[in-house]
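Asks: Sending over a structure as structure tokens; questions will come in a sec.
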């Protein structure tokens, strides 16, 4: 166990990998270079030999590579040297991740040909976690280490994002740090069994998990600059697989998105971000924190929806919830950013003491989600509004049990007469209805 400081002192060096064609090459043999992005998405560049002349085929393969328009190939230039193909990064300090393989025509097992890779010149640079010069004591963090990122450097952490298998004890991004960690589409993939604290002024993209086994972040505290963008995702969030989860998230400042199922191409996660409990509460102005919880953001493996507490700020949610607790601020269910399906539009319980709860579960096409339902709503203060509810589909939005206290206001005036409340216990408060709407049991 040690404390590692991010220094960003690496000298930018262009990476070069050499691929050698060996053995007995035959026409039809396939030579494959599999490229992996920072977010673990892959692309297999496949070249099929036309002859047994390895040097000639190396020239043709290099030319084919340079004509590729795939985003994992275009930042790299290929050159044929004898029986080899050299891949050279066009930009110093920007790494690539490649592997070599070979098969027969049609994908069968290779016979006498070989295709191997050597890292001739490893990448180096001030933004790569794999460069030892970027860490104190010239040592890359390992499991049980603490990582501190502070004002010793302004260099962002952009490469070497896949830190699979590393379970850190603590990560602290200090207020003095002005750089960023990761980028949209290239999050830092990490596990942290302790506190992960973000207080810097850059943008931060974090993914918990290792695409194979449970790998959680126990507590994520977000107290970044008010204009910092924070994007969260989790690996292997599928009902048939292991799940990585943000067990607890405390969000005080910044612009936070928990990426949804619709973002899995961007994040290379299997579904929406899994979280246990999300606390949202600005310590000063309500505008200091805004949060979006995308679609499918539940623990699918264990069939458990998250719990959300809103103390102050704005939050839009497109996922099912076990409990929503609103004390102040504006909590919106639905909107235009994501499509809510029948797995996203069920809320087990809402408890509201203040603020606004705007219930408008939507499918993104001008209609409400398929079967929006709130099982229990305890309303003691603040405003519950369905005035923005889209036109309903086959199932009317329903609140099964609704308790309305003296300080509570409910407004269903949407002109659509499409909200049903099964059991309504009212001790006071205000009611606003559309023309033609009526209340039973209120």
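The values are calculated or read from the model by the stated rules, or taken from the named source; none is laboratory data. No experiment lies behind these values; they were computed from the predicted model shown. Virtual Cβ from ideal backbone geometry, glycine too; neighbours counted across all protein chains shown.
Asks: Output yes when any residue across segment 357-372 is surrounded by fewer than 16 Cβ atoms within 10 Å (Cβ to Cβ) and either outside the structural domain of residue 294 (by TED's automatic domain parsing) or modelled with pLDDT of 95 or more (or both), and no when none is.
Replies: No, segment 357-372 contains no residue that is surrounded by fewer than 16 Cβ atoms within 10 Å (Cβ to Cβ) and either outside the structural domain of residue 294 (by TED's automatic domain parsing) or modelled with pLDDT of 95 or more (or both).
Asks: Only one of these is out of contact with any helix residue (DSSP H, G or I) (no Cβ under 8 Å at 6 or more places or on another chain), buried (at least 24 other Cβ atoms within 10 Å of the Cβ) and within 21 Å of residue 343 (Cα to Cα): 280, 243, 304. Name it.
Replies: Among 280, 243, 304, only 243 is out of contact with any helix residue (DSSP H, G or I) (no Cβ under 8 Å at 6 or more places or on another chain), buried (at least 24 other Cβ atoms within 10 Å of the Cβ) and within 21 Å of residue 343 (Cα to Cα).
Asks: Residue 240 - would you say it is at pLDDT below 95, touching a strand residue (DSSP E or B) at 6+ places or on another chain (Cβ under 6 Å) and in a loop (DSSP other than H, G, I, E, B)?
Replies: When the stated conditions are applied, residue 240 does not pass them.
Asks: Read through the list (1) touching a strand residue (DSSP E or B) at 6+ places or on another chain (Cβ under 6 Å); (2) in a strand (DSSP E or B), then give the number of the only condition that residue 80 fails.
Replies: (1)
Asks: Can you tell which of 428, 415, 441 is surrounded by fewer than 17 Cβ atoms within 10 Å (Cβ to Cβ), modelled with pLDDT under 95 and not assigned by TED's automatic domain parsing to the domain that holds residue 304?
Replies: Every option except 441 fails the conditions.
Asks: Moving on. Given the criteria over 22 Å from residue 371 (Cα atoms), outside any helix (DSSP H, G or I) and touching a strand residue (DSSP E or B) at 6+ places or on another chain (Cβ under 8 Å), does residue 311 qualify?
Replies: yes
Asks: When you scan segment 71-87, do you find a residue that is touching a residue at least 12 places away in the same chain (Cβ under 8 Å), closer than 25 Å to residue 210 by Cβ, crowded, with 19+ Cβ neighbours inside 10 Å and not assigned by TED's automatic domain parsing to the domain that holds residue 266, even just one?
Replies: For segment 71-87, residues touching a residue at least 12 places away in the same chain (Cβ under 8 Å), closer than 25 Å to residue 210 by Cβ, crowded, with 19+ Cβ neighbours inside 10 Å and not assigned by TED's automatic domain parsing to the domain that holds residue 266: present.
Asks: Sticking with this one: Sort through 44, 58, 64 and tell me the only one that's free of Cβ contacts under 8 Å to residues at least 60 places away in the same chain, in contact with a strand residue (DSSP E or B) (Cβ under 9 Å, 6 or more places away or on another chain) and assigned to a strand (DSSP E or B).
Replies: From the options 44, 58, 64, the qualifying one is 44.
Asks: Given the conditions (1) within 25 Å of the chain's Cα centre (by Cα); (2) over 27 Å from residue 428 (Cα atoms), and given that residue 360 satisfies all but one, which numbered condition is not satisfied?
Replies: Result: residue 360 fails condition (2) only.
Asks: Would you be able to say whether some residue in segment 4-11 is touching a strand residue (DSSP E or B) at 6+ places or on another chain (Cβ under 6 Å), in a loop (DSSP other than H, G, I, E, B) and surrounded by 21 or more Cβ atoms within 10 Å (Cβ to Cβ)?
Replies: yes
Yes/no per residue for (1) closer than 23 Å to residue 158 by Cβ; (2) modelled with pLDDT of 95 or more:
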position: 35; (1), (2): yes, yes
position: 39; (1), (2): yes, no
position: 66; (1), (2): no, yes
position: 75; (1), (2): yes, yes
position: 82; (1), (2): no, yes
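Asks: Being in contact with a helix residue (DSSP H, G or I) (Cβ under 8 Å, 6 or more places away or on another chain) and under 30 Å from residue 210 (Cα atoms) is the filter here, so list the residues in segment 13-40 that pass it.
Replies: Passing the criteria: 31, 33, 39.
Asks: On the basis of being farther than 21 Å from residue 314 by Cβ, assigned by TED's automatic domain parsing to the domain that holds residue 280 and at pLDDT 90 or above, does residue 346 make the cut?
Replies: It is true that residue 346 is farther than 21 Å from residue 314 by Cβ, assigned by TED's automatic domain parsing to the domain that holds residue 280 and at pLDDT 90 or above.
Asks: Keeping to segment 96-151, report how many residues are surrounded by fewer than 20 Cβ atoms within 10 Å (Cβ to Cβ), under 25 Å from the mean Cα position of the chain (by Cα), in the same structural domain as residue 165 (by TED's automatic domain parsing) and not in a loop (DSSP other than H, G, I, E, B).
Replies: 2
Asks: Can you find a residue in segment 267-277 that is over 25 Å from residue 364 (Cβ atoms), in contact with a helix residue (DSSP H, G or I) (Cβ under 9 Å, 6 or more places away or on another chain) and in the same structural domain as residue 188 (by TED's automatic domain parsing)?
Replies: no
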